[in-house]
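In what follows, a structure is listed as structure tokens, so that the remarks can point back to it.
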Amino acid sequence: MRIGRIIGCLLGMFLPVVGMAQLTLQECREYARQNYPAVKQLDLLKRTEEFTLQNIRKGYLPQLAVSGKVSYQSDVTKLPFDIPGIETGMEKDQYQISAEVNQLIWDGGVIRNRKEATQAEHAVKQQEVEVGLYTLNDRVDELFFGVLLCDAKLEQNDLLKKQLELNHAQVQACMNAGTANQADLDAVKVEQLEAEQNEEELKAFRKSYAGVLGWLIGRPETVGEVFVRPEIPAVGSGVNRRPELKLYDLQRTSLDVQRKGLMAQNYPKLGLFVQGAYGNPGLNILKGGFSPYYVAGVKLTWNIGGFYTLKNDRKLIELNRHNVDIQQEIFFLNSRMETEQSNRQVDKLRGLMKSDEERIRLRENIRRSAEVKMTNGTLTVTEMLREVLSENQARQEKVLHEIELLQTLYDLQYITNE
């Protein structure tokens, strides 16, 4: 029975922890991407590209045009002489309805270029969405580490509250022995109340961070979940895999396709055509009345007007390409600056963390000595409390340095998308 009670107590202690949902940083990033409205654009862009390409391919199909015409003219063609028994005059009012079918044979590569341009354009738009989605990681990280920092500070605050409870008991014992008074006990009580207030403030901050994060990732229940501290990431390979770099490459590809299309538009076009019509007059204008007819043949068209602007169009494309190169240079410069700044921050935090443990150890020794001196009546309660709070401050700074270092390392990972 005794063993059963012990097992029951242990289960009662661990079940609440096990039952609480845990949330990792990577899960938050994935949830944020799935929940963000912009992700729907990817599917819309894909479907738009499919429909556009289908329409472009239909340019190879025969093109049918139907037209009708009714006209009246002031004069008509007449023979300069009369032929006995034959009416050679034409009517001044004319009527025609026709249908023409044109079949493209060769267009200089215009349709092919339009397909390539459409694919390149939509690839750029899709990558622009990917760039926007990638920036979500930075927002998620900021909120996630904000919650972790609040959790760590709450943990240290709990340690302070327990220490103050021990100090309260010590001062109470001193009062009973006549070596302390009510003011000394009140001094401890004030610090306990401040610790309670600090706890409420930290809980409010945590709820705020977790609430905003829950809204961002589409999980309102995030406020009550346990946030798992991530492992220290491996950074420093120096390889930049940010989606912006792929965007710049796709923009250059799109400009290359546009440049190829300039010449395609200036090539001649060759096609077949068949025209059937019914009108008055028909092809034989000397024969009066309505009659059907048809015309078939090969058609060559060449609009050379595009050659007038070809040189400037190429220069404009080159200027746009140069602009993309400048944007990439600016991106690399900013990335190097951010990386250098983050590396300096990492070095600083690691240097501080080397002395954090020693500071805490020394502060703990000083606090214990102060408690003994206070009990012996050689140190005031206020002076003892100052050492207690100094130790707590050292512990808080250690926690802050740990979370800041972890967040800075993930910032470095974000800068290069390693």
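Hey, among Gly276, Gly282, which residue is among the small types (Gly, Ala, Ser), in contact with a Phe, Trp or Tyr (Cβ under 6 Å, 6 or more places away or on another chain), part of a strand (DSSP E or B) and surrounded by 13 or more Cβ atoms within 10 Å (Cβ to Cβ)?
Working: Gly282 fails: part of a strand (DSSP E or B).
Unique residue meeting the criteria: Gly276.
Within segment 21-40, take every residue that is open to solvent by less than 90 Å² (accessible area, probe 1.4 Å) and among the polar types (S, T, N, Q) and give me the one that is nearest to Lys269 (Cα to Cα).
Filtering first and then ranking leaves Asn35.
Is one or more of the residues making up segment 205-224 closer than 30 Å to Phe307 by Cα and open to solvent by less than 50 Å² (accessible area, probe 1.4 Å)? Break it down stepwise before answering.
From segment 205-224, those closer than 30 Å to Phe307 by Cα are none; that's our starting set.
No, segment 205-224 contains no residue that is closer than 30 Å to Phe307 by Cα and open to solvent by less than 50 Å² (accessible area, probe 1.4 Å).
Pick from Leu159, Leu148: which is in contact with a strand residue (DSSP E or B) (Cβ under 9 Å, 6 or more places away or on another chain) and modelled with pLDDT of 90 or more? Lay out the reasoning, then the answer.
On the way: Leu159 fails: in contact with a strand residue (DSSP E or B) (Cβ under 9 Å, 6 or more places away or on another chain).
Of the residues listed, the single one that is in contact with a strand residue (DSSP E or B) (Cβ under 9 Å, 6 or more places away or on another chain) and modelled with pLDDT of 90 or more is Leu148.
Could you list, ordered by first residue, the pairs with Cβ atoms under 6 Å in which the first is in segment 287-299 and more than 13 Å from Val101 (Cβ to Cβ) and open to solvent by less than 70 Å² (accessible area, probe 1.4 Å) and the second is of a type in the set (Gly, Ala, Ser) and outside any strand (DSSP E or B), at least 6 apart or interchain?
If the second residue must be of a type in the set (Gly, Ala, Ser) and outside any strand (DSSP E or B), the pairs left are Ser291/Gly282; Tyr293/Gly282.
Going by the conditions given, is Lys354 in contact with a Leu (Cβ under 6 Å, 6 or more places away or on another chain) and modelled with pLDDT under 95?
On the way: in contact with a Leu (Cβ under 6 Å, 6 or more places away or on another chain): no; modelled with pLDDT under 95: yes.
When the stated conditions are applied, Lys354 does not pass them.
Of a type outside the set (Gly, Ala, Ser), surrounded by 14 or more Cβ atoms within 10 Å (Cβ to Cβ) and not in a loop (DSSP other than H, G, I, E, B): which single residue out of Glu357, Glu338, Glu329 fits that description? It would help to see each step written out before you state the result.
Values: Glu357 fails: surrounded by 14 or more Cβ atoms within 10 Å (Cβ to Cβ); Glu329 fails: surrounded by 14 or more Cβ atoms within 10 Å (Cβ to Cβ).
Of Glu357, Glu338, Glu329, the one residue that is of a type outside the set (Gly, Ala, Ser), surrounded by 14 or more Cβ atoms within 10 Å (Cβ to Cβ) and not in a loop (DSSP other than H, G, I, E, B) is Glu338.
Do you know which of the residues in segment 378-401 that are open to solvent by 50 Å² or more (accessible area, probe 1.4 Å) and under 30 Å from Arg344 (Cβ atoms) is nearest to the chain's Cα centre (by Cα)? Break it down stepwise before answering.
Initial filter on segment 378-401 (open to solvent by 50 Å² or more (accessible area, probe 1.4 Å)): 378, 380, 382-383, 386, 389, 393, 395, 397, 400.
In the following step, the residues that additionally are under 30 Å from Arg344 (Cβ atoms) were identified as 393, 395, 397, 400.
On the way: Gln393: 39, Arg395: 37, Glu397: 34, Leu400: 29 Å.
It comes out as Leu400.
If I go through segment 409-418 residue by residue, how many of them are in a helix (DSSP H, G or I) and either open to solvent by 40 Å² or more (accessible area, probe 1.4 Å) or modelled with pLDDT of 95 or more (or both)?
Step one: list which residues in segment 409-418 are in a helix (DSSP H, G or I), which gives 409-416.
Next, only the ones that are either open to solvent by 40 Å² or more (accessible area, probe 1.4 Å) or modelled with pLDDT of 95 or more (or both) stay: 411.
Selection size over segment 409-418: 1.
So, in segment 106-150, of the ones that are of a type in the set (Phe, Trp, Tyr) and farther than 16 Å from Phe227 by Cβ, which residue ends up least open to solvent (accessible area, probe 1.4 Å)? Even if it seems obvious, please write down each step before you answer.
Going through segment 106-150, the residues of a type in the set (Phe, Trp, Tyr) turn out to be 106, 134, 144-145.
Checking the rest, the ones that are also farther than 16 Å from Phe227 by Cβ come to 106, 134.
On the way: Trp106: 127, Tyr134: 25 Å².
Restricting to residues being of a type in the set (Phe, Trp, Tyr) and farther than 16 Å from Phe227 by Cβ, the top hit is Tyr134.
How many residues does segment 89-105 hold that are over 30 Å from Leu262 (Cβ atoms), open to solvent by 80 Å² or more (accessible area, probe 1.4 Å) and in a strand (DSSP E or B)?
Result for segment 89-105: 2.
Against the condition polar (S, T, N, Q), crowded, with 18+ Cβ neighbours inside 10 Å, within 29 Å of the chain's Cα centre (by Cα) and assigned to a helix (DSSP H, G or I), how does Gln345 come out, does it pass? Step through it out loud before you land on a result.
Values: polar (S, T, N, Q): yes; crowded, with 18+ Cβ neighbours inside 10 Å: no; within 29 Å of the chain's Cα centre (by Cα): yes; assigned to a helix (DSSP H, G or I): yes.
No; evaluated as a whole, the condition is false for this residue.
Of all the residues that make up segment 176-188, how many are surrounded by 14 or more Cβ atoms within 10 Å (Cβ to Cβ) and assigned to a helix (DSSP H, G or I)? Give the steps one after another, and end with the answer.
As a first pass, look at segment 176-188 and keep what is surrounded by 14 or more Cβ atoms within 10 Å (Cβ to Cβ): 179-180, 184-185, 187-188.
Okay, now just the ones that are also assigned to a helix (DSSP H, G or I), so 184-185, 187-188.
Looking only at that region, the number is 4.
Return the pairs, sorted by first residue and then second, in which the second residue is crowded, with 16+ Cβ neighbours inside 10 Å, the first residue lies in segment 202-217 and is aromatic (Phe, Trp, Tyr), the beta carbons are less than 7 Å apart, and the residues are 6+ apart or on different chains.
Phe205/Cys150; Tyr209/Leu143; Tyr209/Gly146; Tyr209/Val147; Tyr209/Cys150
Mind listing whichever residues of segment 41-61 are open to solvent by 40 Å² or more (accessible area, probe 1.4 Å) and touching a residue at least 60 places away in the same chain (Cβ under 8 Å)? Break it down stepwise before answering.
The initial filter retains those residues of segment 41-61 that are open to solvent by 40 Å² or more (accessible area, probe 1.4 Å), namely 41, 43-44, 46-48, 50-52, 54-55, 57-58, 60-61.
Of everything in segment 41-61, those that are open to solvent by 40 Å² or more (accessible area, probe 1.4 Å) and touching a residue at least 60 places away in the same chain (Cβ under 8 Å) turn out to be Gln41, Lys46, Thr48, Thr52.
Filter segment 84-114 down to the residues that are within 21 Å of Tyr294 (Cα to Cα) and among the hydroxyl-bearing types (Ser, Thr, Tyr), then identify the one that is modelled with the highest pLDDT.
That would be Ser98.
Under the condition of being within 30 Å of Glu231 (Cα to Cα) and out of contact with any helix residue (DSSP H, G or I) (no Cβ under 8 Å at 6 or more places or on another chain), which residue from segment 360-377 is least open to solvent (accessible area, probe 1.4 Å)? Spell out how you get there, then give the answer.
Step one: of segment 360-377, the residues within 30 Å of Glu231 (Cα to Cα) are 360-364.
Subset that is out of contact with any helix residue (DSSP H, G or I) (no Cβ under 8 Å at 6 or more places or on another chain): 361-362.
On the way: Arg361: 111, Leu362: 80 Å².
It comes out as Leu362.
The values are calculated or read from the model by the stated rules, or taken from the named source; none is laboratory data. It should be emphasised that the depicted structure is a prediction, and the values quoted were computed from it without experimental measurement. Note that we place each Cβ from the backbone using ideal geometry, even for glycine, and neighbour counts take in every protein chain shown. All accessible areas refer to the heavy atoms of the entire protein, side chains included, with ligands and DNA or RNA removed. Shrake-Rupley method; radii C 1.70, N 1.55, O 1.52, S 1.80 Å.
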